[in-house]
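The values are calculated or read from the model by the stated rules, or taken from the named source; none is laboratory data. Everything numeric here is computed off the predicted structure, so don't read it as measured data. Glycine also receives a Cβ, built like all others from the backbone with ideal geometry; neighbour counts cover every protein chain displayed. Only protein heavy atoms, including side chains, enter the accessible area calculation; ligands, DNA and RNA are left aside. Shrake-Rupley method; radii C 1.70, N 1.55, O 1.52, S 1.80 Å.
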Amino acid sequence: MLSWSSIESGTPADLAAIAEGEGDAGLPHGAEIVAFAEAIGGWDDAALASARARLVGVAGEAFMLDAAAVVANFEMMTRVADGTGARFPADTAAFRTDLDARLDIGGFTSAR
Amino acid sequence: MTSAIRADLAEAHRQSLQHVASPGARLDAERRLQIAAAATQGYLAAEPPPPWVRPFADPALDVAFRLARYAGTITQEWYEQVITEGMHPLEWVEIVGIVVATVPPLAFARAAGRALPEFPPSVAGQPHGREAAELAPATLNWVPVAAPADTTASVVQALSALPGEWDNMWRLAAAQYMSDAQMVDPLWNRGTLSRPQMELAAGRISRVRECFF
């Protein structure tokens, strides 16, 4: 979805930011968004407060609130997928191979 | 000055908590709130037990705890083990529905630095029994889904066996992320994050959670 939307918007994003949790993906405030999502995924409240403040500082509170909502949505979707054994159809395997390698996710337990 | 949370988002979270506190297809509201409490504990615990530990010795609560904290470790073998031990597959689906109704309001409040939400009082009544008119085994999910199976994406059909859980999940998705109709436009956004910025946030949290999907 990031590849598709960023190409369509004229600024192809660097997926390494998703895989590595570093960099800005070539997007405005990208580094702060990645750090915010990373901190929500952890359980260090001080780190989360710091990442939140950084994002508010560069983009404003309304932006941070919508970013928090997006992350909350994928805290939901990951559990829907992993709780129901969701998998991709076999005919998407060829497309997935390259993407899985770029994101370094092929070794996950959830890879089905 | 603290910005207001969007009204549609606040309402979707309120409805989700009310949904948890209401009778479900197979479980009454008291039991659903017990499951939500286990999910809350799993999501927020500072020092949780490892994934293979069943902290409650109660299958429904243990599934909720593990799904809330260690979703990426759940395997088909564990699902089948729990079903073999006596849990009905649709009870598993309902537990997933409760967890995914509970975690987003918690996750959002914690992320935004706001007070964690509280559940409303339980609604009295028996389970309502509403299930899909016809169920079918799926190849794209472990769980049974509404027939016909595998004609749509696996995450779309995932909770389709229980329409109440399915409706709540997609109501949340529309407020937190976007609706199906908006998703087909790669440039759609709310005026804050651009669509690529939304996908960057989504991609990173999914990667942190080790969600292959």
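When restricted to residues that are open to solvent by 40 Å² or more (accessible area, probe 1.4 Å) and closer than 19 Å to B:Ser194 by Cβ, the stretch A:62-92 contains 1. So for the stretch B:195-209 (the condition being buried (at least 18 other Cβ atoms within 10 Å of the Cβ), within 21 Å of A:Gly30 (Cβ to Cβ), in contact (Cβ under 8 Å) with a residue 24 or more places away in the chain and among the charged types (D, E, K, R)), does at least one residue qualify? Yes, the stretch B:195-209 contains a residue that is buried (at least 18 other Cβ atoms within 10 Å of the Cβ), within 21 Å of A:Gly30 (Cβ to Cβ), in contact (Cβ under 8 Å) with a residue 24 or more places away in the chain and among the charged types (D, E, K, R). Mind listing just one residue for me: the one in the stretch B:169-194 that is over 21 Å from the mean Cα position of the chain (by Cα) and facing chain A (nearest Cβ under 7 Å) and, of those, most open to solvent (accessible area, probe 1.4 Å)? Across the stretch B:169-194, the extreme among qualifying residues is B:Leu187.
Name the residue that is nearest to the other protein chains (Cβ to nearest Cβ), counting only residues in the stretch B:73-107 that are closer than 22 Å to B:Pro163 by Cβ and either more than 14 Å from the chain's Cα centre (by Cα) or open to solvent by 10 Å² or more (accessible area, probe 1.4 Å) (or both). So the residue we want is B:Tyr79.
So is B:Ala133 open to solvent by 40 Å² or more (accessible area, probe 1.4 Å) and not charged (D, E, K, R) or not? Yes.
Inspect the stretch B:198-211 for any residue being within 27 Å of B:Tyr79 (Cβ to Cβ) and more than 10 Å from every other protein chain (Cβ to nearest Cβ) and give the result as yes or no. Within the stretch B:198-211 (the criterion being within 27 Å of B:Tyr79 (Cβ to Cβ) and more than 10 Å from every other protein chain (Cβ to nearest Cβ)), the answer is no, since none of the residues qualifies.
Only residues that are in a helix (DSSP H, G or I), farther than 24 Å from B:Glu131 by Cβ and of a type outside the set (Lys, Arg) were counted across the stretch B:13-46, and they come to 7. Evaluating B:Asn141 against the criteria (1) part of a loop (DSSP other than H, G, I, E, B); (2) touching a residue at least 12 places away in the same chain (Cβ under 8 Å); (3) farther than 27 Å from A:Asp91 by Cα; (4) touching a helix residue (DSSP H, G or I) at 6+ places or on another chain (Cβ under 7 Å) leaves one unmet condition, (3).
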